Amino acid sequence: MKNLLNKEFRLALHPTNIIFISFALMLLIPNFPYLVAFFYTGLGLFFTCITGRENNDTEYSVSLPVGRKDVVKGRIAFAVILELATLVVSVPFAIIRDFIIKGIPSNQAGSMPGLAFFGLAFLLYGVFNAVFFTCYYKNPLKVGKSFVLASLAVFIVVIVDIVLSHVPVCSEVFCDTGNSRIAVKLSVFFAGIAVYIVLTAIAVVRSAKNFSKLDL
């Protein structure tokens, strides 16, 4: 796995993957659907996969002395590292928005960056992984189709977030970054992590199964 990750970061990484991590700055934009900031991680992965298609990355990967399942694991582990990096980088900006920039009003276009919000961010990444990679490894040549389907799924999560922020009871959980309803917020946060792990594991299993059937 270490060698496969080395290959992913040295040969497959598209520059936009690094650039899009800085889009965590979007958490400072007033009245913005902040989950959109995490959509760009998926866009960067799309660029990585489409560049890999043009450079015959799939053919090169299967020619290495590793199984196809390992190739899938390497690419999804690469995606997970980028996703977690984006989440980690976004935390300081969430803190800055909440504690320093007092002049910015409460968000009117979705949840505020807090515990429940990051639970939704994990959910968003899990949904992306499950849809994108499962579809992608059916046919790596049709990267665009995989990304369109994954994007639709991701923006359903974004729309749900926006709706929840305007539902009276839910807004107290998703739009408040204080200590009120902390038990519920923690539950949403850890539930998001659990769903992310499950959906990403499903992505690995199904993608490996699809890739093993693919005639290259």
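Coordinate-derived values only; no laboratory data. Owing to the predicted nature of the structure, the values given are computational and were not obtained by experimental measurement. All Cβ positions, glycine included, derive from the backbone under ideal geometry; neighbour counts span all protein chains shown.
Rg and Dmax over the alpha-carbon atoms of region 84-197 stand at 15.6, 49 Å.
The LEU141 and LEU11 beta-carbon pair, evaluated with R₀ = 25 Å, returns a calculated FRET efficiency of approximately 0.85. Taking all Cα pairs closer than 8 Å and separated by 6 or more residues, the relative contact order of the chain comes to 28 percent. GNM on the chain, alpha-carbon springs under 10 angstrom: the most fluctuating residue among ILE19, ILE76, ILE202 is ILE19. Taking a sphere under 15 Å around the Cβ of GLY144 and counting the other residues whose Cβ falls inside, with K and R at +1 and D and E at -1, yields a net charge of +3.
Translational diffusion of region 1-88 was estimated from the Stokes-Einstein equation, with Rh taken as the Kirkwood radius over Cα pairs; at 10 °C and 1.306 mPa s the coefficient is 115 µm²/s. Compare the Cα positions of GLY42, ASN55, PHE99 along the charge dipole of the chain (+1 at Cβ of Lys, Arg; -1 at Cβ of Asp, Glu; about the Cα centre) and return the one farthest towards the positive end. Ranked along the dipole, the leading option is ASN55.
Arranged from highest to lowest average of other beta-carbon atoms within 10 Å per residue, in what order do the peptides 206-213, 107-114 appear? Numbers along the way, then the final one.
Working: 206-213: 17.6, 107-114: 21.4.
Highest to lowest by the protection proxy: 107-114, 206-213.
In a simple Cβ point-charge model (Lys, Arg +1; Asp, Glu -1; nothing else charged), region 86-206 has a dipole of about 400 debye relative to its Cα centre.
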